[in-house]
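Chemist: The following block contains the structure, expressed as structure tokens.
The values are calculated or read from the model by the stated rules, or taken from the named source; none is laboratory data. Fair warning: this is a prediction, and the values are worked out from it, not measured in the lab. Here Cβ is always computed from backbone atoms with ideal geometry, including for glycine, and neighbour counts include all displayed protein chains. Quick note on the areas: whole protein, heavy atoms, side chains included, nothing else; ligands and nucleic acids left out. Shrake-Rupley method; radii C 1.70, N 1.55, O 1.52, S 1.80 Å.
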Amino acid sequence: MDKKLGLASAVATGVGLIIATSCLLSIGQGAAALGNTFIITMIVACLFNILTALSICELNALMPNLSGGMAQYTLASFGPFVSIVVNVGGYLTCQTIMGSSEVAMFGNTMSSVFEDVPISGTVYSILLIVILMVLNLFGVDMFAKIQNIVAYGLIGSLTIMGIMGTLKIGTGEIVEQPAVLSSNPADMFSLLGLAFFLFIGAEFVVPISPQVRNARRNVPLGMVISLLAILVMQIFVTIGFSHYTPWEELGSSTVPHILYGTMLCGKVGTVWMTIVSLLAVISTVNTAMFSISQICCGMAKINLLPAVFLKKNKRGTPYVGLVLVSAAMIIINATGLSTSDQLTFLILTGCTFWIFSYIVLHLDVMVMRKRMPKAPRTFKLPLGPVIPIIGVIGNAFMIWNIDPTMEVKIKIYTIFVIVFAILSVYAVIWTKLKIKRPLFKPYPVKEVMAMENDLYLEAHKRAAEAAVEDAVAVE
């Protein structure tokens, strides 16, 4: 009998996929704008993400073991058009943007630590992308075994350094400054979009549910605990910032974690934070590349993307999606993501797509509740539709508060609308001409689950060939 994973492994997976060094930029930006009251903003964002995690658990309980995840849930709820637009926009586009910002953080860290080396942060960033792409093409996921170790090393180090800063026991000089810069609720809510980024990714615990012991309890609990653990760490770090890092310097820094480590513990803190954060960057970007290529392959399997994304090299890597996302990251980084403002804008743009996909997930739950009220579910949200409805309202509120300034909001919304329009055109053309299905007619759940099997593709391929032969015979 195969050994099952316990609650600790579920928590480790959640923590490992959520935490990233680019999150530290968001904490720095939020803390520099509000002071310690940013903690309230983080708590609200964390609660909304917990609601989303629970909705995802119910969908997984209804349709378990699906590699495409959200693509299949939405396909069974709203049909191919919505599934294509939301998944390509909400996940593929967003993860490409987030991965790009993470790589940019790597470049900024390298250039700040090695100031005497005449190499720009962009060069470091592009070099990392190329190396990770090659490693993935050859199936050499050298970071997989240390993924959780690195993630726990990062969150453990940040927690320790946050506690040191909170208790004022660092070796650096304590800064005399106001702990609170604004207690205005409007200011706190205006940064909800930024705080949201600190907690995205908990849903990636769901794919391991078949290997988790007592998954009905441990998967939802693991997702919630991982989110709360990260929240606690971020609270300590924010308070530590207030004691050791001048708000103005924190807000302008592209590597706030390095700045904080240096001011807290001097050279030791610089080296400590550099080593741990660089390992986390490599691990996070590697995971992003792998997951995007797998999602593309999964969507091609259910005929929502061209079959070319199904192609794998001799080492079993779906290389088309991998190469495309790597190229996109290189192009984005070649534009020069050197300042904190540019990085923050990139993160917030990606968050908008991701938050929108979370809204659709909550709607998926309500649709499936209405359509299949008596279907067996190993996990079901309490209070009927209350939690999904609160989740929809909360996520919509975060999109409206994606940035404090209307000028930046308009830029983000403009990019969102343009990408949405492009994806809508693709979705209409693909659905009508390729798969020849109604745009908004949901697929039966049984068919969606059957599509996970390779035999489904073979059967439909043979049926299409037979139809062509019959047409030729008639002529």
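Chemist: Kindly provide the trypsin sites (Lys or Arg not before Pro) of the stretch 367-417 that DSSP labels as loop, not H, G, I, E or B, and whose Cβ sees at most 16 other Cβ atoms within 10 Å.
Modeler: Within the stretch 367-417, the qualifying trypsin sites (Lys or Arg not before Pro) (loop, at most 16 other Cβ atoms within 10 Å) are K374, K380.
Chemist: Right, here's the next one. Residue separation times 0.36 nm, minus the C-alpha to C-alpha distance between I174 and L439: what's the value?
Modeler: The span from I174 to L439 would gain 89.4 nm if fully extended.
Chemist: Next up: Roughly how compact is the stretch 190-311, stated as its Cα Rg over 2.2 N^0.38 Å to two decimals?
Modeler: 1.40
Chemist: How would D364, D403 rank on accessible area, largest to smallest, probe 1.4 Å?
Modeler: Listed by decreasing accessible area, they come as D403, D364.
Chemist: Here's another thing I want to ask about it. Could you give the distance between the Cα centres of the stretch 322-392 and the stretch 209-258, to the whole Å?
Modeler: 19
Chemist: Under the rule of at least 5 residues apart or a separate chain, name every residue whose amide H is placed under 5 Å from the amide H of G35.
Modeler: Under 5 Å from the amide H of G35 lie the amide H atoms of L181, each far enough along the sequence or on another chain.
Chemist: Just how many pairs of Lys in the stretch 296-440 have C-alpha atoms closer than 26 Å, counting pairs that are eight or more places apart or on different chains?
Modeler: So the count of such lysine pairs works out to 11.
Chemist: Turning to a different aspect of this structure: I'd like to check one number: the per residue accessible area of the stretch 232-303, probe 1.4 Å, reported in Å² as a whole number.
Modeler: I get 29 Å² per residue for this part.
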